[in-house]
């Protein structure tokens, strides 16, 4: 290789891997009730309404939730053969992943009636949309862009933080042109540039679990919902008794 080209390649690689990552503190603005029996997998707003999919075999549901009380206004239970995962609405259709069953359900968002299904060759973890594609995680460091008409994989990107892959990407939310992702087992959310997969920000959520009493069922942080009408962000976790409306402020690493 030409020496100049080699030096340029090294420079570009170094530049990409050392881009500044912004670290944020999580600030609780409001604490709301959350159904402690909900093993939260998907959480999102659509036309001002809050939707939640919950997992576990024999406990999996799709719900429309009253934000103020945490109670389900509408609910459908799934057969115990299915472990529900991430969900979102796009083009008037509600999509819900299953974990290892190889199925993505398509539902009517008004009635929760299952109107179809697609095969999924990946594990199903998180699901969101950029308004064009479905964006899915499978527990790895990859984001998969899926065609909503066929659920065919259009492309994938590897998510990296300081040049290193970020595994265990879980629940996803698309917020102001970025993909926010829970990292399974960690009290942090990574903020991802969706085309490159580069993590541009990290939100420290450790303080959330200090605000409520734990039980032997209390599980990990999981659940990010952005209300585009109010510009508000809500977070919760699996079997958590609380949901939090949060803001975030930059801090030193």
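The values are calculated or read from the model by the stated rules, or taken from the named source; none is laboratory data. All figures in this text were calculated on a predicted structure; none of them were measured in a lab. Here Cβ is always computed from backbone atoms with ideal geometry, including for glycine, and neighbour counts include all displayed protein chains.
Quick notes on this structure:
- Conditions (1) within 14 Å of the chain's Cα centre (by Cα); (2) surrounded by 18 or more Cβ atoms within 10 Å (Cβ to Cβ); number of the one not met by residue 130: (2)
- Residue within the range 98-114 that is closer than 20 Å to residue 220 by Cβ, crowded, with 17+ Cβ neighbours inside 10 Å, at pLDDT 95 or above and within 20 Å of the chain's Cα centre (by Cα) present: yes
- Test: residue in the range 204-224 that is over 21 Å from residue 138 (Cα atoms) and buried (at least 19 other Cβ atoms within 10 Å of the Cβ): yes
- The residues listed here are 87, 60, 37, 53; of these, the one that is surrounded by fewer than 15 Cβ atoms within 10 Å (Cβ to Cβ) and either on the phi < 0 side of the Ramachandran plot or touching a helix residue (DSSP H, G or I) at 6+ places or on another chain (Cβ under 7 Å) (or both) is 37.
- Criterion violated by residue 242 - all others in (1) touching a residue at least 24 places away in the same chain (Cβ under 8 Å); (2) surrounded by fewer than 18 Cβ atoms within 10 Å (Cβ to Cβ); (3) touching a helix residue (DSSP H, G or I) at 6+ places or on another chain (Cβ under 9 Å) satisfied: (2)
- Just one residue in the set 174, 145 is farther than 24 Å from residue 39 by Cα and either part of a strand (DSSP E or B) or at pLDDT below 95 (or both); that residue is 145.
- Search result, residues across the range 161-208 that are in contact (Cβ under 8 Å) with a residue 60 or more places away in the chain, in contact with a helix residue (DSSP H, G or I) (Cβ under 9 Å, 6 or more places away or on another chain) and more than 17 Å from residue 130 (Cα to Cα): 162, 163
- Any chance residue 222 is within 16 Å of residue 35 (Cβ to Cβ) and in contact (Cβ under 8 Å) with a residue 40 or more places away in the chain: yes
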